[in-house]
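Comments concern the structure below.
The numbers here are math on the coordinates, done by the rules we state, and not lab data. Keep in mind it's a predicted model, so treat the numbers as computed, not measured. Cβ: placed from backbone, ideal geometry, glycine included. Neighbour counts: every protein chain shown.
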Amino acid sequence: MWRLLPIVAAASAAGADHRSVTGQHGMVATSHPEASAAAARILERGGNAIDAALAVHFVLAVVEPQHVSIGGGGVMLYKPLDGEAVHVDFREEAPALYHPKTFCRNATCILDPHCECNGTWPSTERCTGGHATGTPGFPALLALAVRDQLTSLPLSELVIPAIELARNGWSMDDGLYKSIQQYAPQLARDPASRALFLDASGTKPRAEPGELLSNPELADTLELLVAAPDDFYTGTLGMEFVKAAQGGVNNVTGKYGLLSAEDMHSYRAVYREPVKYEHTTASGHTYLITGSAPPFSGGVAQAQIFNYLEQVQGAEATSARDLGFFMDAQNVAFADRNQYVADPDFVDVDVKTLTSKSYAAQRAEELLGSAGNSQQALRSNEVRALTVPVTPGVLSSKRGASSAEDHGTSHMTIIDSEGNIVAMTTTVNMIMGSRVTVPGRGYLLNDEMCDFDSLGFDSAGQMTVNAAEGGKRPRRTALGSDSSSLGGKRPRSSMSPTLVVPKDPGHAAFAVLGLGAPGGSDIIGGVANVLRYTLTAPTVDDVRELQQHTNTPRAIGKNEQRMGNAVVELALFEDKEKVASLQSWGYNLTHTPYSPPYYVGETYSRVQSAMMWRADSSSPWEFVGAADTMRLPSCTAQAPHGPSDSVLLP
């Protein structure tokens, strides 16, 4: 067994001086320094980007349990340097007993789809307990990675950093402390969660910030998991998961888990065709962008945002004008996201139309006209904001619109020395998941089913696209043999792992860029903000300033009337001249009440990004990374040393 020593030279993303991290042997950007350090050392040991990503997930399950668990799920985009992008969906699935009214307050509604629904519980209660738990996806991702030889090192080696942290301890940080503190009343209801996270009084975290925490139970669990990840769904670990979900009764709502052994047996992590589109900036640079596919809404929404921007952007535009149109673009995308995007194995999702240039042109023409924007006005600053909520486009649909969000999420972007890149987002859904811990195993159950609509019918009685549904259906949009397998419905997610390559590599600032973020429905806007700032930077050198683009204040629109046209970060709202221009054009802005860092508050999206470039074809590759240190100080970008510089000890 080997252990890890800290490398002082490998700094975190330098938020203090706003500089990106640079290196020559790859790049890692994650939400925690222990995770970034583990990934860097996996790369130093000869592991590839997927090896490093799995090591990050293992470590985050230890040090960031409020966001990540082996009992959660997510999405991974992976691209070899000269190959096509691969999309792996390991999102959680609903129990077969689910139905659109299962979250209603009435006790009988948990199993009766024909019950009289008298409203739903608030999210804090709806998402607490085993009723909110779905079949986890991460163990299946491990099994898929081993089966398809995506890894170059054995899982037993990738898990060592996490096991050592779990056994020997790690330092409690402010993010974990405040998360436990916020949900202490819910955690205290579950004996295993109370023992794992709270002090003897059951009212506050069992360690103060800076003090050591350990989780030897999770260390033992990780050893069992990596020995046979396929067995999770049929063996002891899986049946303990089911038992914990079924026994996770919320004593306020009376709800209990509906997960069964059959739900576990039928689960698959599956390949899907990612969302792909081109974006040409006002300066004429064209990029090929790959994003997540439904049930993840990020790829479709990002495509719609940047397609819409192409209809209105102009080289002569002021920054305030561009920002206004960017807010509009986000609201337009969310209108269609809420109306049309959900699990494509249960709902028809017309990805081709939604992400097409012609559809964007049609939407821009009808929406800009309704706002009173003439073509002459578009060429000047005499523009008018779109009215929120924006109406969705007219496509064939038999479902009503819906909206839901999560917050207990983490993201990592990793490039290895060979140019293979991974952008992976993973979650337990809300902070601290279901607040139910598997007894003796040291990890939380997800509450992913809370990403379904709390009531699966709209005001007209029409079932919504993201309604909770039970039963099993063919995974018709999965690639390969899994398309004929039967699975449960996967709740919609805003996860937006994104990969970008230039259409003309010979005249581009980079060879590949990857980015993504946690943050519920804020993810889409957070990623779009950083991507927009990066791709529109004026010079090649400016494009590579990832930390600067990450730090720039953001405007996030989600087509919600209560938010106005966008929520803007306080630093942006304090730009009085820009805000005055926007308000004169009819933009109604709300703002965050304070500046970052954010722990359990506004603007959750914390973007982690990495880029690879070189001066010319004969030059060595250079790597750039940025982590959202300003919004969450634990976020860390780290450059691995070369193999000869490795400090792994036997």
Kindly provide the helix-only [θ] at 222 nm of the chain, computed as the sum of -39,500 (n - 2.57) over DSSP H runs of four or more divided by all residues, to the nearest 500 deg cm²/dmol? -8500 deg cm²/dmol
Any cysteines in the chain with zero other Cys Cβ atoms under 4.7 Å from their Cβ? List them, or say none. Cys635
Scaled radius of gyration (Cα, divided by 2.2 N^0.38 Å) that the stretch 64-113 gives: 1.83
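Would you mind classifying the stretch 17-67 by shape? Square roots of the alpha carbon gyration tensor eigenvalues, ordered a ≥ b ≥ c; an a/c under 1.5 is rounded, otherwise it is prolate if a/b is larger than b/c and oblate if not.
Numbers: a/c = 2.67, a/b = 1.17, b/c = 2.28.
Note, shape of the stretch 17-67 comes out oblate.
Per residue Cα convex hull volume for the stretch 454-541, in cubic angstrom?
Looking at the stretch 454-541, the number lands at 166 Å³ per residue.
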Quick one: if you stick a label point 7 Å off each Cα along the C-beta vector at Asn118 and Ala580, how many nm between them? 5.5 nm
Given bins 5 angstrom wide, list per bin the percent of all Cα-Cα distances in the stretch 203-258, short to long. 4, 15, 15, 15, 15, 17, 15, 4
Express the relative contact order of the chain as a whole percentage, based on alpha carbon pairs under 8 Å and six or more residues apart in sequence. 25 percent
Convex hull volume per residue for the stretch 139-242, taking Cα atoms only, in Å³: 118 Å³
Sorting check: for 169-181, 494-506, 608-620, which peptide has the highest mean count of neighbouring beta carbons within 10 Å, and how do the rest follow? 494-506, 169-181, 608-620
Where a Cα-Cα gap under 24 Å defines reach, which lysines qualify for Lys576, not counting those fewer than 8 residues away within the same chain? Lys558
On a C-alpha basis, how far is the centre of the stretch 347-361 from the centre of the stretch 70-109 in Å? Whole number, if you could? 22 Å
When all alpha-carbon pairs of the chain are counted, what percent fall beyond 37 Å? 30 percent
Restricting the stretch 88-164 to GluC sites (Glu not before Pro) in coil, as DSSP defines it, with at most 14 other Cβ within 10 Å: Glu116
Grab every C-alpha pair in the stretch 262-373, bin the distances at 5 angstrom width from 0 up to the longest one, and report whole percents. 2, 11, 20, 22, 17, 11, 7, 4, 3, 2, 1, 0
Cα-Cα over 31 Å: which of Lys243/Lys276; Lys79/Lys352; Lys101/Lys276; Lys178/Lys352; Lys276/Lys578? Lys243/Lys276; Lys101/Lys276; Lys178/Lys352; Lys276/Lys578
When a/c is below 1.5 the answer is rounded, else prolate if a/b is larger than b/c, else oblate, so apply that to the stretch 499-630 with a ≥ b ≥ c taken from the square roots of the Cα gyration tensor eigenvalues. prolate
Ranked packing of 68-75, 585-592, 545-552, 280-287, most packed first, by mean Cβ within 10 Å: 68-75, 545-552, 585-592, 280-287
Any DSSP H helix in the chain with Cα axial reach of 30 Å or more and mean Kyte-Doolittle score of at least -0.5? Listed by number, the hits are 319-340
Glu278 to Gln149: FRET efficiency via 1/(1 + (r/R0)^6), r the Cβ-Cβ distance, R0 41 Å, to the nearest 0.05? 0.85
